[in-house]
Amino acid sequence: MSAREHILARLLQSKVSVYPDLPDVANWFKVHQRSEGIVQRTERLRAALEAVHTEIHEVTHANWTDVLLHVASCKGLRQLLIGSNTPHGFALQSCQTGGLQLISYDKPIDTWRDLLFDGVDSALTFARGALAETGSLILWPSPSEPRLMSLVPSTHFVLLDVDTIYADFYAAMTAEGWAKGMPTNALLVCGPSKTADIQQTLAYGAHGPKELVVLLRQTLKGAA
């Protein structure tokens, strides 16, 4: 028997487990997951986001549009991109927006690419949720709010309801049943876009928005 045949014979004789043992993730989180209410989760999320230059404003269902328009005015923004057929987009369209032009993402990108990349300086998207453990916002791009909305404009507004802040990634996935239907592109945003060169000089806005503004909207019943 040749050396090659010896090697093949040994490989064929070796026992390979078809179904390797998987870690018991559910039990691990059952033991290690923090027991926190909305207030504690919100505080941890806020601290993590502010540590990376994220601007946060606490708002309500009644005043979030006024706060957004005020912040946009203070920053000298001229255009705000909103999703098509979204409740928060309709809410803004019903307001007196002053000098801020609302642009709805309701047509193919090839017909207005130059305007998006050279003329629109801000966008608003809605967060599906957030993770207190890592200070991450969960964005779920859709035909109404495509990925480019959170990628191209230099200022990115995110509307987040505090009752969708989860302790960690596992809690979010299990509570919302992500396994039943994932999108083609789900995002975890942890502050403005940033990068660093070989000298470790941090620069914001190199590959996306320079500013991230989170509108932290309280529940209708108030924080629990």
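The values are calculated or read from the model by the stated rules, or taken from the named source; none is laboratory data. Every value quoted in this text rests on a predicted model; they were computed, and no experiment measured them. Here the Cβ is made from the backbone with ideal geometry for all residues, glycine too, and neighbour counts use every protein chain on show. Each accessible area value is taken on the protein alone, full model and side chains, heavy atoms only, with ligands, DNA and RNA left out. Shrake-Rupley method; radii C 1.70, N 1.55, O 1.52, S 1.80 Å.
May I ask for the percentage of alpha-carbon pairs in the stretch 107-224 that lie more than 16 Å from each other?
The share of Cα pairs beyond 16 Å in the stretch 107-224 comes to 66 percent.
In the chain, what percent of the accessible surface is made up of carbon and sulfur (1.4 Å probe, ligands and nucleic acids excluded)?
Heavy-atom surface of the chain belonging to carbon and sulfur, 1.4 Å probe: 55 percent.
How large is ³J(HN,Hα) for each residue in the stretch 147-158, as worked out from phi by the Karplus curve 6.51 cos²θ - 1.76 cosθ + 1.60 (θ = phi - 60°), to whole Hz, x for Gly and Pro?
Coupling constants for the stretch 147-158: 4, 4, 5, 9, 10, 8, x, 6, 10, 10, 8, 10 Hz.
State to the nearest 20 debye the size of the charge dipole of the stretch 19-145 about its Cα centre, where the only charges are +1 on K and R beta carbons and -1 on D and E beta carbons.
Its charge dipole is roughly 160 debye.
Send over the per residue convex hull volume for the stretch 24-80, Cα only, as a whole number of Å³.
Hull volume normalised by residue count: 148 Å³.
Which value, in nm² and rounded to one decimal, describes the direction-averaged projected area of the C-alpha convex hull of the chain?
The number I arrive at for the chain is 19.8 nm².
Exposed loop trypsin sites (Lys or Arg not before Pro) only (DSSP loop, at most 13 other Cβ atoms within 10 Å): please give the longest stretch of the chain free of them, not including the sites.
The reported range is 79-220.
How many angstrom lie between the Cα centre of the stretch 11-49 and the Cα centre of the stretch 88-160?
32
Mind checking the angle between helix 64-74 and the chain's longest principal axis? C-alpha axes, 0 to 90 degrees, to the nearest 10.
The helix 64-74 is inclined about 80 degrees to the chain.
Of all beta bridges DSSP finds with both residues in the chain, what is the antiparallel percent, to the nearest 5?
So the antiparallel bridges in the chain amount to around 25 percent.
What angle, in degrees between 0 and 90 and rounded to the nearest 10, separates the Cα long axis of helix 3-13 from the longest principal axis of the Cα atoms of the chain?
That helix lies at roughly 70 degrees to the long axis.
Could you state the accessible area per residue of the stretch 1-83 in Å², with a 1.4 Å probe and every protein chain left in place?
Accessible area per residue, the stretch 1-83: 74 Å².
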